[in-house]
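Novice: Take this structure first; my questions come after.
The values are calculated or read from the model by the stated rules, or taken from the named source; none is laboratory data. Keep in mind the model is a prediction, meaning the values are calculated, not measured. Using ideal geometry, Cβ is built from the backbone for each residue, glycine included, and neighbour counts are taken over all protein chains shown. Calculation scope for accessible area: heavy atoms of the full protein, side chains included, ligands and nucleic acids excluded. Shrake-Rupley method; radii C 1.70, N 1.55, O 1.52, S 1.80 Å.
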Amino acid sequence: MVMVLFKKVIRTMLEHKARYIGSMLLLMISSMMFITMNLTSMNLDNMFRKFSERNALSDAEFSTDADIDAAAFGRQFSAKVEGGGTADCKVKPGQTLRVFSAMDEVNVPAVQEGKLPGSSEIMIDRPFAQTNGYRIGDKITIAGRKFTVSGYALLPNFIYVIKSKEEMMNDSTAFGIAVVGKENFETLPGGNRVYAIRFDDRENIKSQEASVKNALRSQGIQITNWQSTARKVNVSYIPMEINVLSTMSAAVPLAMLALACALLGMLMWRTIKSESVVIGTFYAQGYRRRQLRRHYLTFPLLISIIGSVIGSALGLLLVNSELRFMLAAFPMPVYETILNPWLVVFAVALPVIVLCGVTWWIIGRTLKTAPAVLMKGGETKGEVNFLERSLRLDRFGFNTKFRIREQVRSLSRTFFLLFGVVVATMLMLYGLTMKSSVDYMLGEGISELYDFKYEYVFTSLKTGGPPAGTEQFNAAYVSLADNEDISFYVTGVLPDTEKVRLKDASGQSFQPEQTTITATLAQKLNVKTGDSVTVFDTENGKKHTFTIEKIADTYAGDFLFLPLDRFNAEFGYPTDAYHGIWSGKAMTFAEGEIQSTKSIDAVVAGLGRMIDQMGPMVYGLIAAAFLLGLIILYIVTGLVVDESRTSISLMKVFGYRKKEIGKLVLDSNTLIVVLGYLLGIPALLGTAGAFFASLTESLQVVLPVKLNVLYMLFGFIVVMLTYEFAKWMCRKKVARVPMSEALKAGTE
C-alpha cells in the first residue's frame, strides 16, 4: 500500500512537473543565498576579528605638536602606544602611494605575499601593484629614491584602501598604500608623525580615549589630529559590510521561503481539493487517515529536501568565490575558512518543518470531511464566496465577468501572485533605486550645496583674512550628549557665504544667518524648528546646546551650520578665527601646514566609480527578479489553465478561436500583475529607506531614497515582458485541452 501511494506521488509530480520544479527552484535559490551570504558574513567577521587581534588594530591614531614618551603613556593607560608615520608620495604624475612606517606593536603590517621590508625595500598593496605592473623584486621610485618591492602589504588600520572617506571607491591606478622600515621612512619628505594606541581593556574605548586626550592637554601638549578607529572609513566599512550581509542573509532567503511556502501551500490545497474523490475512494478501500496524511506529506517533504539540499550544496560551492570577491575590496589575511554545518542543517530543516507544517494543516482540514462527501467532490464544490456576490457582476459583459471571476474565485492564488510580483519588483528595482539615489545626491545634494572645488583644513588655528579668492570656515566634530554613537559636524560659516547654498523645503534659498540644521540630520535627531540639541565636543568633552532656527533641505550630509562669529564665541575661539578655507581652485601650502584636503570633484568621481561598480549587481538583481517572476507567473498562469479546463473546453465547443480563448484565460491576471508592480514600488522605497538609514553612520554619507521615473518605466516593461513570456509558455497548455473535457465533467 505504501508503494502504491508513493508511485502516485511521483506520477502526480511528473504530470504537473512545472509547478513542483518551480517550488524546488524557489527553495534552492533561498537555501543557496542563505548559506552563501551567512557563511560569507561569518568568515569576514572572523577574518576581521583575528586580523584586528593578531596585528593589534589601534583604537585611535593621533598627532601632537610635540613628541611624547610612548612607553610611559602605555604604562599609564594600560595600553600599547607606538609612534609611526604616514607620507603621501608621488610615484608618477597623478599616482600617489600613502607610505606607512612599519610598526612592531600596534597596527602591525601583515604580509600577503613576499616578506617584510628591509633596508631600501618596500611593501605595496596587491591591487596597486597588479594594476600598475609592479611585481615582487621590481624597482619603484618614490620621492626620488629607488626601493625594491619586497612583498604585498596588508594593514589592519587601512583595510579598505581609499584615499579619503569622500572618494567612496578607490582607483588603484592612482592611489595605493605601502610600508617601509622606520629608518627608510625618516628619509621621505612630507612625513607626518602619528601615534597609535590600543587599550588592553577592550571595554569603554571612548571613555579611555577621552582620558588620554585630557592627559595630553594637561601636559601642555596640543593634539593636532585625533582619529578614532571606529570612525575611520578604512576600517569601519568592514563591520558595516558584515552587518549588511547578515541582515540581507536573513531577510532575502526568508522572503524567498515565504514565497515557496505560499506557493506549495496553494499547490497542496488545490491538489487535495481536486483529489477529494480519490481521497474518498482511498477511505472506502480501507486506507487510514494516518496513511493518507503521510502520503500527502510526501509532496512537501520531497520538494523541500531536494530543493534545500541542492541549494545548500550550491551555496557551499559559492562561498569561496564570494569571499574572494569581498576580499578583493577588503583585503585581509585568510587564517581559516569557517564552514558551519549547523547552517546547512538549519537551511534544510526550516523548509521541511514549515512546508510540512503548512501541508499538515491543509490535509487535516480536508480529512475531517466525511468520506461520502469527499467521494461526491467535496462539500464546497461550486460555492460562491462573499466577494463575488458583493461585486454584482451581472452589470458587466461576459469577457469582463469571466476575468473577474478567475480572480475572486481563487483568492489564495490571486494573493500569491500579488505577493510574488511585489517581491520580484522590489528585487529588480533595488539596485536601480540605489543608483538613482546616488545620482540624486550628486546632482541635488553635493553639486547644489557646495559652490567650491577644494576644502583645505589647517593643522593649527588661523586668524585674520583668508587667502584671496577663498572663504574661511570653522568646524567641530560633536556627538549627541545622550547618544555618543550619533556624531556630526557643527560648521561655522560666513553669514553672507557664497560657497554654501542652502534652501528650505519650498525651494527658497536663504543664508545661514541663524542656527541651521540639514533635513537629514533633523530627521535622524527627530527635531524640528524651535527644538534644542545638546552635544559635546569630541576633542575636549565640553557640552554645547543649540536651538534650531532653520532646516535646510539638502542631502549632502549631516551638518549644523552657525554664523562664524557665533560659532567662535560658542567654542571659545577668537572672533576672526578659522580652521579651514574653501577655494575654487587648487592651492599649494608650506609643508606641514595642511591637515587634510578634500576635492569635490574627487568626491563626485568616487561616487561615480561606485555607481559603475554597481553595474553587475544591478544586472544580477534584474536577472534574478526575471527568473523569480517567471517562475511565479508561469505557475500561477498554469494553475489558471488547469482550473479552467472545463471552461476552455466549452469555449472550443462553442466555436471560440484560440486567440480569443487565450485572451480570456491567460490575460485574466493582467490587472493583478500591474497592481503588484505598483504596490512593489512603495514597499521598496520604505525598505530601502530603512536600509539606507542603517548605512548612514558608517558611510558618513546620507543617501536619499529616490527612484527615477525612467527606471520605474523600465521595471514595468521588464515585469510585463516576463508576464508575456509566461503566457506564451502556457499557450500550448490551452491548445492541448480537448473538447471532450466538458463532456467528462458533465459525466462526472
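Novice: Each label point is 7 Å from the Cα along the Cα-to-Cβ direction; what then is the distance between the points at Ser119 and Lys528, in nm?
Specialist: So the two model labels end up 7.2 nm from each other.
Novice: So what is Rg over Rh here for the range 177-239, counting just Cα atoms and using Kirkwood for Rh?
Specialist: Rg/Rh: 1.02.
Novice: Mind checking Rg over Rh on the range 104-181, alpha carbons, Kirkwood formula for Rh?
Specialist: 0.95
Novice: Follow-up. Rounded to whole Å and sorted largest first, list the principal axis extents of the Cα atoms in the range 261-305.
Specialist: Largest to smallest, the principal-axis extents are 31, 20, 10 Å.
Novice: Report, ordered by chain and residue number, the lysines lying within cross-link reach of Lys213, taken as a straight Cα distance under 19 Å and ignoring same-chain residues fewer than 8 apart.
Specialist: Qualifying lysines at Cα under 19 Å: Lys80, Lys232, Lys542, Lys543.
Novice: Accessible area per residue for the chain in Å², computed with a 1.4 Å probe and the full protein assembly in place, what is it?
Specialist: Per residue, the chain has an accessible area of 46 Å².
Novice: Write down the percent of antiparallel bridges among all DSSP beta bridges whose residues are both part of the chain, to the nearest 5.
Specialist: The antiparallel fraction comes to roughly 80 percent.
Novice: Right, something else. If we sort 98-111, 239-252, 25-38 on the protection proxy, mean other Cβ atoms within 10 Å, highest first, what's the order?
Specialist: The packing order, highest mean first, is 25-38, 98-111, 239-252.
Novice: Treating the angle as unsigned and between 0 and 90°, give the value, to the nearest 10°, between the Cα long axis of helix 398-408 and the longest Cα principal axis of the chain.
Specialist: Here the helix axis deviates by roughly 60 degrees.
Novice: Once you have the Cα-Cα distance between Lys206 and Asn708, take 0.36 nm times their residue separation minus that, and quote the gain in nm to one decimal.
Specialist: Gain on extension, Lys206 to Asn708, equals 176.6 nm.
Novice: Then there's this: Work out the length of the dipole vector of the chain about its Cα centre, built from +1 on the beta-carbon of each Lys and Arg and -1 on the beta-carbon of each Asp and Glu, and round it to the nearest 20 debye.
Specialist: Dipole of the chain, to the nearest 20 debye: 5560 debye.
Novice: For a test of the definition: using alpha carbon positions, the gyration tensor, and the 1.5 limit on a/c, classify the range 70-124 as rounded, prolate or oblate.
Specialist: Since a/c reaches 1.5 and a/b is larger than b/c, the shape of the range 70-124 is classed as prolate.
Novice: Enumerate the calculated ³J(HN,Hα) couplings along the range 518-530 in order (Karplus 6.51 cos²θ - 1.76 cosθ + 1.60, θ = phi - 60°), each rounded to whole Hz, writing x wherever the residue is Gly or Pro.
Specialist: Taking θ as phi minus 60°, the curve returns 6, 4, 5, 6, 4, 5, 5, 8, 6, 10, 9, 4, x Hz for the range 518-530.
Novice: Here's something else I'd like to know. Between the range 97-132 and the range 638-659, what's the alpha-carbon centroid distance in Å?
Specialist: What the calculation gives is 72 Å, centre to centre.
Novice: State to the nearest 20 debye the size of the charge dipole of the range 447-542 about its Cα centre, where the only charges are +1 on K and R beta carbons and -1 on D and E beta carbons.
Specialist: With only Lys, Arg, Asp and Glu charged at Cβ, the dipole is about 140 debye.
Novice: How much length, in nm to one decimal, is gained on full extension between Leu679 and Asp104, taken as 0.36 nm per residue of separation minus their Cα-Cα distance?
Specialist: 201.3 nm
Novice: With axes computed from alpha carbons, what is the tilt in degrees of helix 670-699 against the longest principal axis of the chain, rounded to the nearest 10 within 0 to 90?
Specialist: 20
Novice: Compute the distance in nm between two label points, each set 7 Å from the Cα along the Cα-to-Cβ direction, one at Ser218 and one at Glu53.
Specialist: For the pair Ser218/Glu53, the computed spacing is 3.3 nm.
Novice: Of Gly286, Ile517, Phe199, which is farthest along the charge dipole of the chain in the positive direction, counting Lys and Arg as +1 and Asp and Glu as -1 at C-beta?
Specialist: Sorting the options by dipole projection puts first Gly286.
Novice: For the range 1-124, what does the alpha-carbon gyration tensor say about shape, rounded, prolate or oblate, given a ≥ b ≥ c as the root eigenvalues, a/c under 1.5 as rounded, and a/b over b/c as prolate?
Specialist: Prolate, since a/c reaches 1.5 and a/b exceeds b/c.
Novice: Taking square-rooted eigenvalues a ≥ b ≥ c of the alpha carbon gyration tensor, is the chain rounded, prolate or oblate, where a/c under 1.5 means rounded and, failing that, a/b exceeding b/c means prolate?
Specialist: prolate
Novice: Against the longest alpha carbon principal axis of the chain, how many degrees, from 0 to 90 and to the nearest 10, is the axis of helix 205-218 turned?
Specialist: With both axes taken from Cα atoms, the answer is about 10 degrees.
Novice: Rounded to the nearest 0.05, what FRET efficiency do Arg293 and Ile10 have when you use their Cβ-Cβ distance and R0 = 25 Å?
Specialist: The formula returns an efficiency of 0.85 here.
Novice: Could I ask something else about it? For every helix of n ≥ 4 consecutive DSSP H residues, a contribution of -39,500 (n - 2.57) applies; sum these over the chain, divide by its total residues, and give [θ] at 222 nm rounded to the nearest 500 deg cm²/dmol.
Specialist: So the helix-based figure for the chain works out to -18000 deg cm²/dmol.
Novice: Also, I was wondering about something else. Please give the net charge around Thr148, taking every other residue with its beta carbon less than 13 angstrom from that of Thr148, where Lys and Arg add +1 and Asp and Glu add -1.
Specialist: +3
Novice: Taking the Cα-to-Cβ direction at Arg75 and at Val334 and moving 7 Å from each Cα, how far apart do the two end points lie in nm?
Specialist: 4.5
Novice: Out of residues 5 or more away from Gly84 or on other chains, whose amide H comes under 5 Å of its own, with H placed 1.01 Å from N in the peptide plane?
Specialist: Amide H neighbours of Gly84: Val194, Tyr195, Ala196.
Novice: Follow-up. State the percentage of accessible surface on the chain attributable to carbon and sulfur atoms; use a 1.4 Å probe and exclude ligands, DNA and RNA.
Specialist: 58
Novice: Return the percentage of antiparallel bridges among DSSP beta bridges fully within the range 498-599, rounded to the nearest 5 %.
Specialist: That works out to approximately 75 percent antiparallel.
Novice: On full extension of the chain, what length is gained from Asp601 through Thr131, given 0.36 nm per residue of separation minus the C-alpha to C-alpha distance?
Specialist: 166.9 nm
Novice: Given R₀ = 25 Å, what would the calculated FRET efficiency be for Glu591 paired with Thr187, taking r from the Cβ atoms and rounding to 0.05?
Specialist: Computed FRET efficiency for Glu591 and Thr187: 0.95.
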